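Visitor: Here it is, the structure in full.
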Amino acid sequence: REMEKSLREALKEDQFRLVYQPRYDMKAGRVVAVEALLRWHHPLHGLLMPDQFIPLAEETGIIISLSDWVLNTACRDAQHELQGMSVSVNISAVEFQTSGLVGRVRDALRASKLDPARLELEVTENATLWNPQSSLEIMNGLKALGVRLLIDDFGTGYSSLSYLRNFPFDGIKLDKSFVAGMPHSENANNIVENMIGLGKAFSLSITAEGVETPEQLEQLKMYQCDETQGYLISRPMPLEELKAQIEKR
Ligand code: G
Ligand code: G
Ligand code: MN
Ligand code: NA
């Protein structure tokens with residue numbers, strides 16, 4: 001109850017921030033996109049991570065206005081501060097149970113004047129479980145706006161291969177739990193190599209998440225993984241820090 005009240009106040013009091021984590025294109029050899037990750041600077045509890053407040057935001061419906069803030073902030077930052085890069089935003093499964101997601105994304109694009117091709121939405125496999133038919137319609141609506149759709153945490157959900165075939169995804173992000181076993185676990189290597197092959201068979205771009213060591217990066221390059229994200233390239237950071245890093249490169 002207390003937490004719900006402070007969650008509602010937090011939006012009004014401007015206590016949320018976005019940090020951005022770069023995504024590195026292996027062929028181009030540069031950062032091509034960033035993922036927006038939400039942080040709550042709570043006046044009493046300090047820095048709170050999404051796991052600590054997103055579930056409550058989902059239960060209470062606050063997720064909708066919170067997600068609007070994230071979408072608008074990310075689109076505006078990309079348009080004004082991150083020339084030549086795409087930005088990806090995490091969309092909660094709950095948002096696929098409501099109508100209006102397509103309109104909300106359209107509004108954020110219009111308000112920021114961001115080229116829709118530079119906005120990517122990350123959706124977990126389980127987002128579509130509740131109602132596959134209406135989820136598909138929402139996704140087709142999003143695609144019609146010109147944004148890109150990515151499957152987040154790929155490999156951890158309940159989806160089957162027909163999911164890759166039937167939904168209009170542009171790319172997949174391999175969950176970091178698979179990359180974590182590389183390169184020492186032969187099993188992990190095989191799984192990742194085959195997931196990359198699977199993604200390519202569906203003409204999807206593949207991002208490996210949670211890349212922490214140069215050995216993992218080498219291995220992923222060998223498997224022809226398209227992009228990597230993880231602490232090896234960069235931690236998530238505030239916009240100002242990101243801009244400073246881009247200028248240095
Ligand atoms: O760095 P990190 O702890 O931020 O992310 C933890 C989880 O929180 C990830 O699974 C990520 O998808 C989720 N997350 C981060 N930012 C957002 C956001 O803006 N909206 C939603 N719905 N989930 C987010
Ligand atoms: O679930 P999603 O992929 O949206 O969230 C990404 C999560 O992974 C965030 O919590 C982010 O901070 C975290 N993360 C990003 N890079 C790394 C990494 O290299 N290693 C680990 N362990 N976590 C990472
Ligand atoms: Mn994500
Ligand atoms: Na992920």
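The values are calculated or read from the model by the stated rules, or taken from the named source; none is laboratory data. Remember, predicted model here, so these are calculated numbers, not experimental data. Methodologically, a virtual Cβ is constructed for each residue, glycine included, from the backbone with ideal geometry; neighbour enumeration extends over all protein chains shown.
Visitor: For region 14-33, enumerate the residues that are touching a residue at least 12 places away in the same chain (Cβ under 8 Å) and out of contact with any Asp or Glu (no Cβ under 9 Å at 6 or more places or on another chain).
Guide: 16, 17, 30
Visitor: Is it fair to say residue 244 is crowded, with 18+ Cβ neighbours inside 10 Å, out of contact with any Leu (no Cβ under 9 Å at 6 or more places or on another chain) and part of a helix (DSSP H, G or I)?
Guide: When the stated conditions are applied, residue 244 does not pass them.
Visitor: Next up: Is it the case that region 155-171 has a residue that's of a type in the set (Lys, Arg) and either in contact with a Lys or Arg (Cβ under 6 Å, 6 or more places away or on another chain) or modelled with pLDDT of 95 or more (or both)?
Guide: Taking every residue of region 155-171 in turn, none turns out to be of a type in the set (Lys, Arg) and either in contact with a Lys or Arg (Cβ under 6 Å, 6 or more places away or on another chain) or modelled with pLDDT of 95 or more (or both).
Visitor: Any idea which residue in region 78-92 is nearest to residue 243 (Cα to Cα), counting only those that are away from ligand 2 (no atom under 16 Å from the Cβ) and surrounded by fewer than 21 Cβ atoms within 10 Å (Cβ to Cβ)?
Guide: 81
Visitor: Given the residues 162, 205, which is the only one that is under 18 Å from residue 122 (Cα atoms) and surrounded by fewer than 20 Cβ atoms within 10 Å (Cβ to Cβ)?
Guide: So the residue among 162, 205 that is under 18 Å from residue 122 (Cα atoms) and surrounded by fewer than 20 Cβ atoms within 10 Å (Cβ to Cβ) is 205.
Visitor: Which one of 176, 221, 200 is surrounded by fewer than 14 Cβ atoms within 10 Å (Cβ to Cβ) and of a type outside the set (S, T, N, Q)?
Guide: 221
Visitor: Please determine, by comparing only the residues of region 35-55 that are in a strand (DSSP E or B) and of a type outside the set (A, V, I, L, M, F, W, C), which one is nearest to ligand 2 (Cβ to nearest atom).
Guide: Step by step, filter region 35-55, then rank; the result is 35.
Visitor: Right, another one. Considering only region 60-97, state which residues are in a loop (DSSP other than H, G, I, E, B), under 19 Å from residue 23 (Cα atoms) and modelled with pLDDT of 95 or more.
Guide: Matches in region 60-97: 82, 85, 91.
Visitor: Same structure, new question: Which condition number in (1) of a type in the set (A, V, I, L, M, F, W, C); (2) closer than 24 Å to residue 49 by Cβ; (3) in contact (Cβ under 8 Å) with a residue 40 or more places away in the chain is the one that residue 220 fails?
Guide: (2)
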